[in-house]
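The values are calculated or read from the model by the stated rules, or taken from the named source; none is laboratory data. Keep in mind the model is a prediction, meaning the values are calculated, not measured. Because the Cβ atoms are built from the backbone with ideal geometry, glycine has one as well, and the counts that use them run over all protein chains shown.
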């Protein structure tokens with residue numbers, strides 16, 4: 001072998017290292033639906049099988065005080081994708097699930113639009129629920145590719161809207177209605193997402209995967225129904241769907257690993273809000289553990305969610321962060337990690353990169369606000385968290401852990417002393433109630449401008 005030949009492998013290795021170092025990371029944003037606050041093994045569930053979600057925590061950072069910006073589907077998604085409070089994003093209530101529903105205003109700037117501007121290929125697979133006209137469907141909001149349903153939920157085999165109908169079929173690819181009769185939608189999502197990843201393996205991609213599970217209808221596969229057959233109703237139906245969800249997450253991440261992309265792919269995992277206690281989910285099944293509340297509630301169980309970020313090449317692994325963080329923070333965090341330019345408009349989120357890298361870093365939020373739907377007396381339910389103090393106006397306890405009375409129209413807790421939010425101390429601290437209510441009023445004016 002001559003000297004030129006002997007140096008060739010070294011030169012190629014050096015070149016590939018430079019290319020690898022300059023590669024922008026891929027991003028997969030996994031957003032589960034109606035998954036309870038502790039319904040992952042690594043969050044405390046003892047009767048669930050969730051090895052793939054747990055593996056993300058093992059090779060990433062897990063948050064213990066992570067919040068959704070809303071306790072219900074569409075506003076939480078609007079906040080996630082825009083980095084803004086739902087009110088500022090123009091969608092404070094659920095979008096309609098019928099064709100023609102407008103949803104989140106098209107002028108909002110999404111993570112997908114931000115990533116496209118940074119040179120990324122963008123894909124959406126799964127649930128949308130942010131608008132049902134072309135300009136507010138995924139391809140009108142920055143996604144190069146889209147597959148999934150536009151309304152709030154579907155039967156996973158017929159792909160018809162689950163709430164009412166019967167003639168409301170809801171399955172779309174790039175704005176065109178398609179049919180896949182009898183095929184299990186979670187399997188379809190994995191196939192579509194895997195195809196998107198493989199087709200774009202040589203270029204940076206952003207994949208938004210809002211999984212429609214474990215939202216009702218609770219259609220876990222036979223394998224998992226048998227696994228949990230001895231559990232009581234409705235936990236056994238719910239658990240079967242959570243483990244089905246975990247299995248599907250594992251299938252996509254196995255594809256990412258097969259393609260050699262794991263180390264250079266940021267995977268973000270989060271539930272959209274707390275578990276459902278609606279009749280359609282047998283009245284419950286999910287768990288908020290020590291927290292009070294569930295979906296539709298601004299008690300912790302409605303808004304405190306499991307959340308993990310993994311990026312093996314650059315971020316810590318197997319670590320836990322207790323700082324307060326919120327779903328609106330993902331947009332600036334992704335921008336920070338990927339070198340994307342943050343949209344030139346007011347964001348309510350802030351990058352979590354310092355917190356992720358340093359357990360001693362301070363949360364970017366000292367105060368955060370929520371307002372959603374109807375609560376006590378059918379008035380809007382709202383909440384302010386300022387440090388460990390939390391004030392809920394017109395609370396709604398969908399977990400029914402304790403009775404709400406007219407004396408609870410302002411419900412004050414100190415979370416460090418009462419994490420379960422079982423004792424209202426508003427009458428003992430009228431000055432704090434007044435201060436937090438003024439903060440809420442000022443915030444409402446700000447986000448309404």
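For region 165-179, name all the residues that are in contact (Cβ under 8 Å) with a residue 40 or more places away in the chain and under 26 Å from residue 246 (Cβ atoms). Result: 170, single match. Test residue 229 against the criterion of being assigned by TED's automatic domain parsing to the domain that holds residue 119 and in a loop (DSSP other than H, G, I, E, B), and give yes or no. The answer is yes for residue 229.
If I ask for residues that are closer than 22 Å to residue 130 by Cα and in contact with a helix residue (DSSP H, G or I) (Cβ under 7 Å, 6 or more places away or on another chain), which ones from region 190-204 would you list? Result: 190, 193. Sub-9 Å Cβ pairs linking a first residue in region 330-343 that is without any contact (Cβ under 8 Å) to a residue 24 or more places away in the chain to a second residue that is crowded, with 22+ Cβ neighbours inside 10 Å, at least 6 apart or interchain, are 336/352, ordered by first then second residue.
Taken as a whole, region 299-309 holds at least one residue that is part of a strand (DSSP E or B) and within 30 Å of residue 429 (Cα to Cα). Within the option set 182, 220, being free of Cβ contacts under 8 Å to residues at least 60 places away in the same chain and crowded, with 22+ Cβ neighbours inside 10 Å holds for one residue only, 220. Here region 39-52 is the region considered, the condition is being touching a strand residue (DSSP E or B) at 6+ places or on another chain (Cβ under 9 Å) and within 14 Å of residue 239 (Cα to Cα), and the residue that is surrounded by the fewest Cβ atoms within 10 Å (Cβ to Cβ) is 40. The number of residues in region 148-164 that are surrounded by 21 or more Cβ atoms within 10 Å (Cβ to Cβ) and either free of Cβ contacts under 8 Å to residues at least 40 places away in the same chain or farther than 16 Å from residue 181 by Cβ (or both) comes to 7. For region 246-269, state whether one or more residues are under 29 Å from residue 418 (Cα atoms), assigned by TED's automatic domain parsing to the domain that holds residue 210, surrounded by 24 or more Cβ atoms within 10 Å (Cβ to Cβ) and touching a helix residue (DSSP H, G or I) at 6+ places or on another chain (Cβ under 9 Å). Among the residues of region 246-269, at least one is under 29 Å from residue 418 (Cα atoms), assigned by TED's automatic domain parsing to the domain that holds residue 210, surrounded by 24 or more Cβ atoms within 10 Å (Cβ to Cβ) and touching a helix residue (DSSP H, G or I) at 6+ places or on another chain (Cβ under 9 Å), which makes the answer yes. Taking region 388-413 as the range and being farther than 24 Å from residue 287 by Cβ and either within 26 Å of the chain's Cα centre (by Cα) or assigned by TED's automatic domain parsing to the domain that holds residue 296 (or both) as the test, the residues that pass are 389, 391, 393, 394. Being more than 27 Å from residue 36 (Cβ to Cβ), in a strand (DSSP E or B), touching a strand residue (DSSP E or B) at 6+ places or on another chain (Cβ under 8 Å) and assigned by TED's automatic domain parsing to the domain that holds residue 81 is not true of residue 196.
Checked against the criterion of being closer than 27 Å to residue 164 by Cα and without any contact (Cβ under 8 Å) to a residue 40 or more places away in the chain, the candidates 100, 36 yield just one match: 100. Counting only helices (runs of 4 or more DSSP H) that sit wholly inside region 47-134, those with at least 3 residues that are under 20 Å from residue 33 (Cβ atoms) and in the same structural domain as residue 213 (by TED's automatic domain parsing) are 51-58, 73-82. The residue that is surrounded by the most Cβ atoms within 10 Å (Cβ to Cβ), among those in region 106-123 that are closer than 17 Å to residue 89 by Cβ and in contact (Cβ under 8 Å) with a residue 40 or more places away in the chain, is 111. The numbered conditions (1) in contact with a strand residue (DSSP E or B) (Cβ under 6 Å, 6 or more places away or on another chain); (2) touching a residue at least 40 places away in the same chain (Cβ under 8 Å); (3) within 15 Å of residue 61 (Cβ to Cβ) are all true for residue 355 except (2).
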